């Protein structure tokens, strides 16, 4: 069985890379406007956002959905 996942746009993309690319594209304020979570609003940083997203599945799903719907894929 092959390790490739051609139908999974997130295959091989780390959560850190997703957050960094979204912040580069939208900025923290733009990201907070699109996904209403405090880690993007109050004193945002990649480290604190990753910590929150790794333990909060619903928030991670929203971030991943925004990433896959953004045109830089």
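Computed from the coordinates by the stated procedures, all read-outs in this text should not be read as laboratory data. All values derive from a computational prediction rather than experimental measurement. A quick note on method: Cβ atoms are made from the backbone with ideal geometry, for glycine too, and the neighbour counts reach across all protein chains shown.
Structural remarks
- Residues (part of a helix (DSSP H, G or I) and either touching a strand residue (DSSP E or B) at 6+ places or on another chain (Cβ under 6 Å) or more than 11 Å from residue 18 (Cα to Cα) (or both)) located in region 54-73: 54, 55, 57, 58, 59, 61, 62, 69
- All positions within region 1-26 that are over 11 Å from the mean Cα position of the chain (by Cα) and either surrounded by 14 or more Cβ atoms within 10 Å (Cβ to Cβ) or closer than 15 Å to residue 67 by Cβ (or both): 8, 9, 11, 12, 24, 25, 26
- Close pairs (7 angstrom Cβ cut-off, 6 or more residues apart or separate chains): touching a residue at least 12 places away in the same chain (Cβ under 8 Å) in region 27-38, loosely packed, with under 13 Cβ neighbours inside 10 Å and assigned to a helix (DSSP H, G or I) anywhere: none
- Selection count where residues are part of a helix (DSSP H, G or I) and closer than 14 Å to residue 15 by Cα, scope region 29-53: 8
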